[in-house]
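Asker: Got a structure here, written out as structure tokens. Questions coming.
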Amino acid sequence: MSRLPRIISRFTGAAGRFSELAGQILEDRLELLALELREAKIRLIQAWLLACMGMVFSMVGLLLVVLAGVYILPPEWKIYGLLAAAAASLLAGVFLFIAVSRHLGQKPLAFDQSLAELKKDMKCFSIRK
């Protein structure tokens, strides 16, 4: 009968250590998730700022080029000047949007590291081999 309490105390000790370990792992994963969420938020704000700046500069460029073209050109060339100005500002806008898409495409997926760590944890604690 004296062995039963020792077995129970070992079992409860192991369960306590396991729950402490599981709590620490969960805390680490939540900290990593919070960090990745912060990084995703920063990337989103950067992308919005780039897109807004691209729109503003495209519109200002379009306006200035059109005004300069209309002012400088002789009356028979004004339509060609307007078309060239429109094409130039559209190209500038397209290039800026390409820069935004490249900026977004180069970054890893949000929570990519958290998912990788969770997969490692699942593999480590899995009873199937």
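Asker: Residue check: is L118 of a type outside the set (K, R), modelled with pLDDT under 80 and touching a helix residue (DSSP H, G or I) at 6+ places or on another chain (Cβ under 8 Å)?
Answerer: Here the answer is yes, as L118 does meet what is asked.
Asker: Right, next: Can you name the residue in the stretch 29-39 that is among the hydrophobic types (A, V, I, L, M, F, W, C) and loosely packed, with under 15 Cβ neighbours inside 10 Å and, of all such residues, is farthest from H103 (Cα to Cα)?
Answerer: My answer is L30.
Asker: Let me ask something else about it. For the stretch 49-69, what are the residues that are exposed (fewer than 14 other Cβ atoms within 10 Å of the Cβ) and over 21 Å from H103 (Cβ atoms)?
Answerer: V60, L63, L64, L67, A68 - these are the residues of the stretch 49-69 that are exposed (fewer than 14 other Cβ atoms within 10 Å of the Cβ) and over 21 Å from H103 (Cβ atoms).
Asker: Scan the stretch 37-52 for residues that are in contact (Cβ under 8 Å) with a residue 12 or more places away in the chain and out of contact with any helix residue (DSSP H, G or I) (no Cβ under 6 Å at 6 or more places or on another chain) and jot them down.
Answerer: Step one: filter the stretch 37-52 for residues in contact (Cβ under 8 Å) with a residue 12 or more places away in the chain, giving 37, 39-40, 43, 46-47, 50-51.
Listed by number, the residues that qualify are L37, E39, A40, R43, Q46.
Asker: Listed residues A34, A51; which is of a type outside the set (S, T, Y) and within 24 Å of K119 (Cβ to Cβ)? Before you say what the answer is, go through the steps one by one.
Answerer: On the way: A51 fails: within 24 Å of K119 (Cβ to Cβ).
When all the criteria are applied, what remains is A34.
One line per residue, one yes/no per condition, for (1) within 30 Å of L35 (Cα to Cα); (2) not aromatic (F, W, Y):
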{"site": "V60", "(1), (2)": "no, yes"}
{"site": "L64", "(1), (2)": "no, yes"}
{"site": "I79", "(1), (2)": "no, yes"}
{"site": "L82", "(1), (2)": "no, yes"}
{"site": "L90", "(1), (2)": "no, yes"}
{"site": "F95", "(1), (2)": "no, no"}
{"site": "H103", "(1), (2)": "yes, yes"}
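The values are calculated or read from the model by the stated rules, or taken from the named source; none is laboratory data. These numbers were taken from a predicted model, which means no experiment stands behind them. Note: ideal-geometry Cβ built from the backbone for every residue, glycine included; neighbour counts use all protein chains shown.
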